[in-house]
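What follows is a set of notes on a single structure, which appears directly below.
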Amino acid sequence: MFMEELARFDQLYSQSNDWPVNEFHHWDTVNFLPLEPDSKLSLLRAFVPDSVPLILWRKLQLLLLGDQNVDTQKLTSLFSTLPFLQQNLLYSQMIRANFVGQSLAFDNAILYRLMMEKFCQQSADYCYVSPLIGDGNEEIVLLLTNQFVTAQHGPTLTILNYASALKAMGKHPVVICCTSVAKSGHYVYPMPAPVFFGTVRNEYFQGEMLFDLDTGQHQSHAGGSVVKCWDQLFDFMQLTPIDDTEHLTDLVNLINQINPRFIIGVGGLNPVLEFIAQSRPVLNVPCVTSLVTPLYAVPVLHRDLTEKDQKRVESLAITHPVLTSRLPFRLRKFDSVKNSKVTDKVLKFAIVGYRLEHEMRSDFIETLLMIKKQLPQSAFVIIGPDAVEGFPAELQSCSYFSGRVSNAIDLIANCHFMLNPKRQGGGTSAIEALSLGIPVLTEAYGDVYQYIGDYFVFSSDKERLEFIQRYLTDEEFAAFYTQTCLDAAAKATDSSAIVQQLLFDYDSYIYQLQH
């Protein structure tokens with residue numbers, strides 16, 4: 001039956017118009033996605049599509065399943081023939097798959113460069129970005145981001161944290177959301193599922209509004225749109241330049257008129273940022289600690305550059321220097337204090353994340369089972385999902401699934417430890433835990449490790465358990481780690497010092513270019 005359905009969709013996708021994007025997305029979600037990996041592989045290997053969309057869907061699915069035999073040259077060749085919006089949707093899905101820990105046996109750099117070159121080429125037909133003139137306007141700083149949503153979204157808080165630090169330095173930051181994943185273009189140039197449609201909040205397109213992220217409310221505001229966070233106001237613009245050429249033209253005209261010395265992209269690799277960076281200095285600041293490899297923008301790395309990083313830079317022939325910094329955190333206001341004690345009858349472990357259903361893999365479940373076996377008084381506070389598929393019954397009875405909450409720190413404060421799965425994200429919740437004096441137990445992997453340091457890294461369940469037991473029984477050891485938590489949180493949240501040094505390095509780079 002599955003083969004017949006796939007063949008039918010393949011025939012429909014071979015048409016020049018009226019692609020069955022919504023029907024296929026539904027079929028994929030309901031029928032293909034729930035299959036076991038072996039069943040998926042068997043079906044994919046037996047299916048030989050003719051249409052370009054289903055060929056790419058099949059290859060992407062094989063890559064997600066870790067298949068090493070995918071013809072990557074053919075994938076790259078097919079990718080190069082797609083319109084930019086289709087390229088962007090497919091690329092975004094591959095990046096998202098990597099982020100949530102799905103296997104992906106492919107180097108995305110070549111696809112990224114093909115995509116950026118296509119976008120820059122087509123944008124140059126109707127836009128011209130002026131080079132930096134003289135010293136430029138040093139007061140107004142443009143902060144561009146891919147996605148801007150709510151106060152529960154780490155990257156949203158990150159760009160506002162940069163804005164707040166710049167404001168403290170006497171600058172005038174303007175936050176601009178470019179929405180680099182198409183808002184509506186996927187209906188014009190659809191790709192079959194799975195695709196990642198970025199969240200775009202329609203209310204942000206209203207003019208003359210105040211969007212209060214502290215309360216989640218918005219209201220009319222004379223004099224332009226602003227965002228309120230931490231009781232501070234920031235000028236704000238929401239655009240869809242990937243869908244709408246007029247939006248890109250408006251942004252370029254703004255840059256040409258203001259002539260800002262500093263343009264900073266915060267978040268994922270951004271086509272709009274790359275187009276601007278062809279003509280003038282632009283900084284690409286990610287919200288992760290992995291090395292990003294932009295085509296034209298200047299990359300920032302939130303840790304020291306390793307020998308492996310350097311080889312990567314050389315292999316991709318990146319001509320710009322890689323500036324090193326640290327990702328600054330600014331935590332939401334909270335009244336919570338740590339109220340757990342080592343003498344409590346129940347030992348609570350916080351596990352936090354809005355993608356935990358993808359990130360809690362079998363090895364992490366084994367860790368939870370081991371902790372429960374060795375410490376029967378253990379309970380797990382799982383903040384983010386409503387449930388995790390396949391969660392063991394012996395853990396279900398001692399676990400609380402909170403679902404999405406507005407302030408996770410209130411729940412973290414009741415816990416004794418935080419456990420972090422092997423994943424990329426999770427930095428904000430880890431810093432929140434440390435700010436309360438609650439140890440975070442992680443592996444030497446991903447953002448959390450880079451943010452909190454070696455004191456909290458464990459390579460085995462045995463090491464984790466030894467730490468937990470000593471912390472519970474050795475008062476001096478526990479006091480040392482409590483202070484270490486507080487010190488690590490203070491360092492990570494010193495936003496002004498971090499952003500000031502980065503801006504100094506950026507300014508020095510621009511000066512070198514000009515002289």
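The values are calculated or read from the model by the stated rules, or taken from the named source; none is laboratory data. Note that the structure is a prediction, hence the values are computed from the model and not measured. In this analysis, Cβ positions are derived from the backbone assuming ideal geometry, glycine residues included, and neighbour counts consider all displayed protein chains. Protein only, heavy atoms only, side chains kept; ligands, DNA and RNA dropped before computing areas. Shrake-Rupley method; radii C 1.70, N 1.55, O 1.52, S 1.80 Å.
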Near pairs, Cβ below 6 angstrom, 6+ apart or cross-chain, from the range 414-432 (more than 16 Å from D461 (Cβ to Cβ) and basic (K, R)) to any residue that is open to solvent by 10 Å² or more (accessible area, probe 1.4 Å) and outside any strand (DSSP E or B): R423/G101; R423/G446
Which of the numbered conditions does N69 fail, given that it passes all the others? Conditions: (1) open to solvent by 20 Å² or more (accessible area, probe 1.4 Å); (2) at pLDDT 80 or above. (2)
Y455 vs. criteria modelled with pLDDT under 85 and touching a Ser or Thr at 6+ places or on another chain (Cβ under 9 Å): yes
Output the qualifying pairs, or none if there are none: Cβ atoms under 6 angstrom, residues six or more apart or on different chains, first residue in the range 298-319 and more than 19 Å from D447 (Cα to Cα), second residue modelled with pLDDT of 85 or more and among the β-branched types (V, I, T). L316/T293
Residue by residue through the range 16-43, note down the ones that are free of Cβ contacts under 8 Å to residues at least 60 places away in the same chain and crowded, with 20+ Cβ neighbours inside 10 Å. F32
Boolean, L273 is closer than 21 Å to L160 by Cα, at pLDDT 90 or above and touching a helix residue (DSSP H, G or I) at 6+ places or on another chain (Cβ under 6 Å): no
Some residue of the range 418-425 being open to solvent by 50 Å² or more (accessible area, probe 1.4 Å) and of a type in the set (S, T, N, Q): no
Could you say whether any residue in the range 131-139 is under 18 Å from S279 (Cβ atoms), open to solvent by 60 Å² or more (accessible area, probe 1.4 Å) and under 27 Å from the mean Cα position of the chain (by Cα)? no
Within the range 199-230, which residues are among the acidic types (D, E) and either touching a residue at least 24 places away in the same chain (Cβ under 8 Å) or assigned to a loop (DSSP other than H, G, I, E, B) (or both)? E208, D214
Under 9 Å between Cβ atoms, at least 6 apart or on separate chains: pull out the pairs that start in the range 158-171 with a residue that is touching a residue at least 60 places away in the same chain (Cβ under 8 Å) and outside any loop (DSSP other than H, G, I, E, B) and end on any residue that is among the polar types (S, T, N, Q) and buried (at least 22 other Cβ atoms within 10 Å of the Cβ). T158/T145; T158/T428; I159/T145
The range 384-409, residues that are in contact (Cβ under 8 Å) with a residue 60 or more places away in the chain and either open to solvent by less than 20 Å² (accessible area, probe 1.4 Å) or not in a loop (DSSP other than H, G, I, E, B) (or both): I409
So, in the range 180-189, of the ones that are open to solvent by less than 10 Å² (accessible area, probe 1.4 Å) and not in a helix (DSSP H, G or I), which residue ends up modelled with the lowest pLDDT? A182
Might you check whether a residue that is part of a helix (DSSP H, G or I) and either within 30 Å of T324 (Cα to Cα) or modelled with pLDDT under 85 (or both) occurs anywhere in the range 410-426? no
Being part of a helix (DSSP H, G or I) and either closer than 26 Å to L502 by Cα or in contact with a Cys (Cβ under 6 Å, 6 or more places away or on another chain) (or both) is the requirement here; does R312 meet it? yes
Only one of F380, F401, F334, F349 is out of contact with any Ser or Thr (no Cβ under 7 Å at 6 or more places or on another chain) and farther than 30 Å from L166 by Cβ, namely F401
Just for helices (runs of 4 or more DSSP H) wholly inside the range 1-63: which have at least 1 residues that are under 15 Å from L78 (Cβ atoms)? 2-13
Among the numbered conditions (1) at pLDDT 90 or above; (2) in a helix (DSSP H, G or I); (3) in contact with a helix residue (DSSP H, G or I) (Cβ under 9 Å, 6 or more places away or on another chain), tell me where Y449 comes up short. (1)
Condition check for K74: modelled with pLDDT under 85, among the basic types (K, R), over 19 Å from P241 (Cβ atoms) and open to solvent by 50 Å² or more (accessible area, probe 1.4 Å): yes
Name the residue that is nearest to P260 (Cα to Cα), counting only residues in the range 458-477 that are surrounded by 17 or more Cβ atoms within 10 Å (Cβ to Cβ) and touching a helix residue (DSSP H, G or I) at 6+ places or on another chain (Cβ under 6 Å). F458
G437 passes all but one of (1) part of a loop (DSSP other than H, G, I, E, B); (2) buried (at least 21 other Cβ atoms within 10 Å of the Cβ); (3) in contact with a Cys (Cβ under 6 Å, 6 or more places away or on another chain); which number fails? (2)
Please go through the range 334-383 and give me each residue that is open to solvent by 40 Å² or more (accessible area, probe 1.4 Å) and touching a strand residue (DSSP E or B) at 6+ places or on another chain (Cβ under 7 Å), ordered by number. V346, K348, K372, Q377
